[in-house]
Structures are given as C-alpha cells and as structure tokens.
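J.: Dumping the structure here so I can ask a few things about it.
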Amino acid sequence: MKGVSLAVPAGEIHALLGENGAGKSTLMNILFGMPVIRETGGYTGEILLDGRPIRFGSPGEAIEAGIGMVHQEFMLLPGFRIAENIKLNREPARRTLLSRVLGRGFERVDQRRMREDARRALDRVGLGVDEWLPVAGLPVGHMQFVEIAREVDKEQLRVLIFDEPTAVLTESEAERLLTTMREFARSGVAVLFITHRLEEVRAIADRATVLRDGEVVGVVDPKTTTVVRIAEMMVGRPAAEVAGRRVFPPGAEAALTIEHLRVDMPGEPVEDVSLVVRRGEILGIGGLAGQGKIGIANGVMGLYPANGRVVFDGRELLLNRPREALERGLAFVSEDRRGVGLLGEESVELNIALSALEAQGRFLHAFPVAALQPLDQYALRSHAEGMIRDLDIRTTGPAQQVRRLSGGNQQKVCLARAMTLRPRVLFVSEPTRGIDVGAKARVLEILTRLNREEGVTLVLTSSELAELRALCDRIAIIYRGRVETILPPDAPDAAFGLAMAGEEHAA
Amino acid sequence: MKLPAALREFGLPRLLIAAFLAALFAVAVATKMNLAILVEDCIARVARNGILVLALLPAIQGGLGLNFGLPVGIICGLIGCVVALNSGIPGVAGVATAMGIGVGLAVPVGAAYGWLLNRTRGQEMMVGTYLGFALVSGMSIFWLLAPFHNPTLVWAIGGKGLRTTLSLGGIYDKILDRWLAFDFGGVTIPTGALLAFLGLCGVVWLFFRTRMGITIAAARSNPRFAMAAGISDERTRVQAAVLTTVLGAIGIVVYSQSFGFVQLYTAPLLMAFPAIACILIGGATVSRATIGNVLLGTILFQSILTTALPVTSQVIEGDISETARLIIQNGMILYALTRVSK
C-alpha cells in the first residue's frame, strides 16, 4: 500500500471498494492493530482518532480505543454460549473473597448481567435467538450477527469496521444487516464497510473510496456515480496486449464438457457450473476470491467432493477419483503450491516424476510384481535434467530439495510435473501467485508454448485479470458458484468489473 | 554454539552420546579390562537387536510415527518361535519355520493394526503404545491356555501352560550367530546374524526405491499431494503397518536365536522402547528416518548398554548401568517428541 489517505466523519457509512489484493484488508488490519502488520514489516503514516494520533500494537489496544471489527472469518469460540462469546474477556464480574487476594482473574462472573447485556446487544442487531445457546451449530448468518452483537456491546464504540459482512448472508439477512448498520451510523459511530457488492454500496454508503493496487483511485458518492463507473475504477488496468487471440466457433470440438458441477470446497464453493472447454483453446476462469472459481478445477480433478457430469473425450469422467482424472489424461497445477503441489522434503527430480510414476508407471524398471518395480534412477535423472533445461528451473541440480527453491522455480517444478503426465487438458490455477516478475513472464510463456506447440488445452484459473486477458481465448467469470458470464479478453474493463460483482445484468 | 557443518549434520545429541561411549571405552582401557570381550559383546548385541530397530523405519517413513506398537509384531514372531519349538524342528529349518509362521501371522495382523491406526489418525504413537500393552496382556492368557504339550516347553509341575522362558539350547540356539562366524583379533564375529541385519537393511533400502516404497514415503511427506497424485494414503499407511509388523516378527526370531531363549508373557511389553531410543539416537525424527539412522543408532545405543555395566561396576561399587540405560533410553524418546514439527 502506498500513499493512502482516508477520512471518515462520525456517523458516516464509508464503503471501501477494490479487487482482491487492492489493499482493503491490509488497511483494516493496520487500523485494528493486527499483529500480522508488524510481523510483515509495519507501516508508515499517521492515523488520527477524534483528532488524536493513534498507533495500536495489538487488537486489544484498538478495542480499548473504541474500534470494533467484524471479521471476514468468524472469530467465535464454537463450544461457548452466545452470551459468553459476546462478553468474552469483558465479563461482568463481582468481587469475591478470593479475588481480593488473588486479583481480578478470580472474580465471579455475574451470569445474570451477562445474559442481560447479551440480550440487549442481540436485540439491537435484531437476532431473536436464545443468548444461552452454544455458538456451534448456529447457521452462518446467525454467527455473523453474534459477531456484530459483540461489537455493539462494547461501550464507547467510535469506529466499526465490517469486512465483507454480507458474503455469507442470505438476501434477507443482508437486508437486516444493512438496516443495523444505518442505525449505528445514526448513533454517531463511523462505519467502514468493505464489500464486493456494488448494489449494497449504492443502497447504504454515504461515500466510497476505491482502492487499486494499494493506491486510492478516487472517492465517489455512490448515489450519483453509476455502477459501471465504479467497476471501471476497480479494474482499470491498461488493457494488456492480447496475444494472438483465437476465436473458436461455438460448434468447435469440445475437449471437456462440464455440466451442473457442484463442488464442496471450503471457502470456494461451486454451486452449479456448466462449461464447455474447446479442444486447443485457453479458457480463463476469473472472479473474486471466495466466489468458487478455484473450486472448479479442484472438483474436476477429484480433490474436493463434487457432483455433476463431466465428459472428457466423449466418455463420462468419474468424479471424486483423482486417479481416474490423471489416468484419463487430465492434469492439474494446484493453486496451493506448498500444500498440494509439492513434496518439499523431496528432490526436484522426484517431484517432477512422481505423478507420472504413480499414475502411469513410468520411470520404473521392469519387475514381475508391479508394486515392487524399482525406480529407474537414470530415466528419472535425465528426464528431470531435460525439464530443468526447458523450463529454466534455477536449481543446484535435480537432487536439490524442492523447498529450497524460490517460489517461481517451485511453480516451474509443478508445471514440469504436470507436463510430464503429457496431459491433453491441463488445469492451471493461480500460476503466478507469489512469484517474482521475471518468473511470472517465464511461466506464462511456458503455458502459451504448451498450448500453441503441444496442442494442450488449457483451463487457466487466476485472480489476476490482466493475466487472463493476456493469455486466454475466452474468460468465464464466476460469481457465487455460478458462471456469471463468458467474455472475450478484449471486452471493456467495465464488463469485467460488473461481472465480477455479479451485476452483469444491472448495467 | 558454532559447530562445523559436518558435525552439525551429525547432531549434538549423537556427539554427546558418542563422546560418552568413547569415555566408557577409555575407562575400560585405563582399568585394563578385557577389550576383546567388550567389543565382542557390543557386536553381538548390535546383530541381535538391529532388525527390531530396522522394523521402526517403515512406520516412520509411512507417517505412523514411532511404532510403540512394535510388540504387535514381536508377538507374531513369538508365536512362530513357540510353534517351531513345539514341533521340535532343529537347526536352520527351525528358524525358518519360526520366521515363516511369524511373517505369515504378521501380514494380516499388521493390516489390522494399520486399519486401527487409520481410524485413530493423529494419535498413532499413543494408540500403538496401548495396543501393545493390551495385546501383551491378552497374549499372557493365551500362553497359559495354548494347547502346547511338548514337555520341554510347558511347566514341569502340572504340565499345562508355557514357561516364561523357553531355552533354545540344542534346537536353534545361536544358529545364525554361528553361521560363518570367525575370529578377528580375539573377537568372535557373529557373521550370520550380522548378515541377516545388514541384508534386511539392504532389502528395506531397496524397497523404498520401488514404486510402492516411493508411494508410501510420498504419502507420508504430504498426504494432500499424494491424494492429488492418485495415491490413497490410507492404503499406504496400512502397507507401512504391515511392513513394520513383519520386520518386528523377523526381528524377535533373530533376537531370540542370538539370546538363546524365547521370553514369553510380559517380556515383549517394553521391547519397543529401547528400539525406539536406538533409531532416535541414530538421528531419526518422528517423521523421517534412514537406514543410516538405524545402523548408527543401534551401534551407539547397544554399545553403551554393553559397556556401561562392566565399566561402571569396575569403577564404582554397585551397578548404575540399568539407571543409565533408562535415563538415556527414555530421555532420548522425550527429546525426540519435543522436536516433533509440522
């Protein structure tokens, strides 16, 4: 983030808009004194609260000063009751004999007052459930309101931050939340509201600040600015050079047909996706975080429970069987490089060969018992050396441990493993996440070459729109687990912005 | 502390233990003890215990942690021994019968053990410990009631139930130890048992370079990666459990022929602990072990056990070797568990 300024008067609802990685959460983490900021290098600049400069070392200090935050991930203790969660560490307590001697930790919790306080807070946010129920088992919408009630209950609340509070709510719950937010503002609290839903911003925010790549693009009055304009501001990159985009006629041969795919992937659920991937094309899958774009490849490859129908090469693909997918000629470079993509402890050469060794029985000497076929060290080594040369993997040699490589080179190892499988359709998710600029260009070049020269059909999932637009022939935008629309890479910025906000039809 | 890279690789605990061992030998030399006997004992014990230590390796490489359930395999081997003794087959054929039956039992039992560990994921070491304890106690009843009638095996009085210690004298006592045994500067080398140990080390080393072995190690190293590569880590864990149990069965047969006795009832109860201490002293961790760790650890730990008793009794009145053994053994296990990382 660089040079961001922002002023929120008391009683205002201020929306913070931007794509993933624009810096919204970073800003809020700074405000709330989250330790992650200090751990990753801290910040420079000044924050004033009621005219006084502040600098929080921990969320505790921020709460003390009157800043509340409703987190994107719930910060609730599932085994505790609602009232206990609301009053956690702020329990009303009576002094006891023991506490006189041993200090505050031994005061007795006043359960009646705790319940009353919790009740009042819950009523304010309009949640009618019994405050004595445990949090575990509540519907997510209710958990969100418990979280808000906890902030409401804090006296001397000056600033309340909502980090995508409506992402997990149903329409009517979201409606109620917005009403609650208005009431807060009326009572003199400054409300900071992070969201991806432009309609909500228009409905409720007094002003909106748009961030892009860590900078403020502009402050607008959402009531008088069109959604299209806001979307443009959010995306607004100079259109990347569209390198030799090809148009595949709708009747072109399908390499892979996905019908009504549903994937149960936590954080990236896919509800109902139907897509046709045409032979030889590069299909992009885009969308904001949490909308389900990541889940599609994971579902087809059998890594997360999925149902629906996937037809590959004219035959139906059995879902939930990673092995079947590999054996049929699909391959996947996962977005989760460290978690799924690599054996960090093992050598570069083994990482490159392992999937092919496992699924296709390559790099093995002959032996009567298939399971006991010994490794063909020579074939392994020469294959790895070839890949290291072709993909320009910077390593001390094929025997080096993969975890000692840089992120970019690890990604190349992942690509090398997928290429070793000689797939006909290759899924690549977030190919350039967390790698440096040089390696980025190289990885994209490898992907293009793979598609153009080897004829591998690519399904490229990425949070970086610019990347998708530079590489893909078509780009499907996923919103709420469904295909919102499919756009050509040279479609206007606003079209992408709107589709990602789920407002394709609003324009 | 700054150590040269080579020494750091070797590890501080191993340095200390090696230094301790060197000190013991220094004292032995200074007090003019019979070094040949000392060295001979050390080698014999390495050969005797080696396979039991090796048995832990597949469990660690398969993601099951330290196999505190080693007695499961040991009991399979003991049943093999008892059946072989009962039928009175002497010599090599007797050892082969014991091993054959032990391994035959260990395969299904190991698979069941693996199944249990899959149901109790994340607590392999604790489950293994208690399963071992429970099984040893259960088997005590079996030894009492089992239908063996060979008079050399059952209690002399009453004629029912196996004795706690069965002598192998004249049957296959030291049959491997004596095979190709030779003298080297006054030290008798138990060639057969050493070859059995080293040979099995070679087999295990080779195994982890086969398709199945690589798969097992990969699933341990990163279960989610394995899944993405089409590997079922439940299956590889069962395979690892079978292997560790089979090696445990072979290990106890080799152990008993060298020791000269088959020990029943509660004897297997604590047998996993010294083996675990060995492999840890050798530099293995809860999640990674090599053949080198097995060899080095067995030599260091067993040598200390062997030399500590005579040397300390030479120097001071009384015996602290058992105490020293327990401190080193359990201290080593504790040390390894504090260093579990993930």
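J.: Take residue A:375 and decide whether it is buried (at least 21 other Cβ atoms within 10 Å of the Cβ), facing another protein chain (nearest Cβ under 10 Å) and under 19 Å from residue B:230 (Cβ atoms).
T.: Values: buried (at least 21 other Cβ atoms within 10 Å of the Cβ): no; facing another protein chain (nearest Cβ under 10 Å): yes; under 19 Å from residue B:230 (Cβ atoms): yes.
For residue A:375, the condition - buried (at least 21 other Cβ atoms within 10 Å of the Cβ), facing another protein chain (nearest Cβ under 10 Å) and under 19 Å from residue B:230 (Cβ atoms) - is not met.
J.: For region B:137-158, indicate whether the set of residues that are surrounded by 13 or more Cβ atoms within 10 Å (Cβ to Cβ) and within 14 Å of residue B:67 (Cβ to Cβ) is non-empty.
T.: no
Residues checked against (1) more than 17 Å from residue A:475 (Cα to Cα); (2) modelled with pLDDT under 90:
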{"site": "A:239", "(1), (2)": "no, yes"}
{"site": "A:259", "(1), (2)": "yes, no"}
{"site": "A:277", "(1), (2)": "no, no"}
{"site": "A:292", "(1), (2)": "no, yes"}
{"site": "A:308", "(1), (2)": "yes, no"}
{"site": "A:314", "(1), (2)": "yes, yes"}
{"site": "A:323", "(1), (2)": "yes, yes"}
{"site": "A:331", "(1), (2)": "yes, no"}
{"site": "A:349", "(1), (2)": "yes, no"}
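J.: Sort out which residues of region A:208-235 are more than 24 Å from the chain's Cα centre (by Cα) and buried (at least 18 other Cβ atoms within 10 Å of the Cβ), and write them in order of number.
T.: A:220, A:222
J.: Mind listing whichever residues of region A:159-177 are at pLDDT below 80, assigned to a helix (DSSP H, G or I) and not small (Gly, Ala, Ser)?
T.: A:171, A:173 - these are the residues of region A:159-177 that are at pLDDT below 80, assigned to a helix (DSSP H, G or I) and not small (Gly, Ala, Ser).
J.: Any residue at all in region A:140-158 that's closer than 22 Å to residue A:80 by Cβ, free of Cβ contacts under 8 Å to residues at least 60 places away in the same chain, part of a loop (DSSP other than H, G, I, E, B) and in the same structural domain as residue A:70 (by TED's automatic domain parsing)?
T.: Scanning region A:140-158, I find at least one residue that is closer than 22 Å to residue A:80 by Cβ, free of Cβ contacts under 8 Å to residues at least 60 places away in the same chain, part of a loop (DSSP other than H, G, I, E, B) and in the same structural domain as residue A:70 (by TED's automatic domain parsing), so the answer is yes.
J.: For region A:334-354, which residues satisfy the criterion of being facing chain B (nearest Cβ under 7 Å), over 16 Å from residue A:298 (Cα atoms) and in a helix (DSSP H, G or I)?
T.: Hit for region A:334-354 is A:354, nothing else.
J.: To continue, here is another question. Select, from A:64, A:116, A:12, A:46, the only residue that is more than 30 Å from residue A:225 (Cα to Cα) and at pLDDT 80 or above.
T.: Values: A:64 fails: at pLDDT 80 or above; A:12 fails: more than 30 Å from residue A:225 (Cα to Cα); A:46 fails: more than 30 Å from residue A:225 (Cα to Cα).
Step by step, each of A:64, A:116, A:12, A:46 is checked, and only A:116 is more than 30 Å from residue A:225 (Cα to Cα) and at pLDDT 80 or above.
So that you can scan it fast, the table gives a plain yes or no per residue for (1) buried (at least 24 other Cβ atoms within 10 Å of the Cβ); (2) in a helix (DSSP H, G or I):
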{"position": "B:57", "(1), (2)": "yes, yes"}
{"position": "B:68", "(1), (2)": "yes, no"}
{"position": "B:74", "(1), (2)": "yes, yes"}
{"position": "B:78", "(1), (2)": "yes, yes"}
{"position": "B:83", "(1), (2)": "no, yes"}
{"position": "B:94", "(1), (2)": "no, yes"}
{"position": "B:97", "(1), (2)": "no, yes"}
{"position": "B:104", "(1), (2)": "no, yes"}
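J.: Looking at this structure, is residue A:403 assigned to a helix (DSSP H, G or I), touching a residue at least 60 places away in the same chain (Cβ under 8 Å) and of a type outside the set (A, V, I, L, M, F, W, C)?
T.: yes
J.: Residue under question is residue A:380, and the condition is that it be in contact with an Asp or Glu (Cβ under 6 Å, 6 or more places away or on another chain), crowded, with 21+ Cβ neighbours inside 10 Å, within 12 Å of chain B (Cβ to nearest Cβ) and assigned to a helix (DSSP H, G or I); does it hold? Lay out the reasoning, then the answer.
T.: Details: in contact with an Asp or Glu (Cβ under 6 Å, 6 or more places away or on another chain): yes; crowded, with 21+ Cβ neighbours inside 10 Å: yes; within 12 Å of chain B (Cβ to nearest Cβ): yes; assigned to a helix (DSSP H, G or I): yes.
Here the answer is yes, as residue A:380 does meet what is asked.
J.: Would you tally the residues in region B:218-235 being crowded, with 19+ Cβ neighbours inside 10 Å and either outside any helix (DSSP H, G or I) or facing another protein chain (nearest Cβ under 8 Å) (or both)?
T.: The total comes to 8.
J.: While we're on this one: Would you check which residues across region A:51-83 are out of contact with any helix residue (DSSP H, G or I) (no Cβ under 8 Å at 6 or more places or on another chain), more than 23 Å from residue A:189 (Cα to Cα) and not in a loop (DSSP other than H, G, I, E, B) and list them?
T.: A:81
J.: Check A:344, A:339 and return the single one that is without any contact (Cβ under 8 Å) to a residue 24 or more places away in the chain, among the small types (Gly, Ala, Ser) and under 23 Å from residue A:402 (Cα atoms).
T.: A:339
J.: Out of all the residues in region B:243-253, is one or more within 20 Å of the chain's Cα centre (by Cα) and within 14 Å of chain A (Cβ to nearest Cβ)?
T.: The answer is yes, given that some residue of region B:243-253 is within 20 Å of the chain's Cα centre (by Cα) and within 14 Å of chain A (Cβ to nearest Cβ).
J.: Mind listing whichever residues of region A:355-369 are over 21 Å from residue A:321 (Cα atoms) and at the interface with another protein chain (Cβ under 7 Å from one of its Cβ atoms)?
T.: A:364, the sole residue that qualifies.
J.: Tally the residues that are hydrophobic (A, V, I, L, M, F, W, C), surrounded by 15 or more Cβ atoms within 10 Å (Cβ to Cβ) and over 31 Å from the mean Cα position of the chain (by Cα), restricting the search to region A:352-371.
T.: 3
J.: Another question, then. Does residue A:319 meet the test of being more than 7 Å from chain B (Cβ to nearest Cβ) and in a loop (DSSP other than H, G, I, E, B)?
T.: For residue A:319, the condition - more than 7 Å from chain B (Cβ to nearest Cβ) and in a loop (DSSP other than H, G, I, E, B) - is met.
J.: Which residue out of B:284, B:277 is under 25 Å from residue B:207 (Cβ atoms) and not in a helix (DSSP H, G or I)? Walk me through it before giving the result.
T.: Numbers: B:277 fails: not in a helix (DSSP H, G or I).
Of B:284, B:277, the one residue that is under 25 Å from residue B:207 (Cβ atoms) and not in a helix (DSSP H, G or I) is B:284.
The values are calculated or read from the model by the stated rules, or taken from the named source; none is laboratory data. Note that this is a predicted model, so its numbers are computed, not measured. Virtual Cβ from ideal backbone geometry, glycine too; neighbours counted across all protein chains shown.
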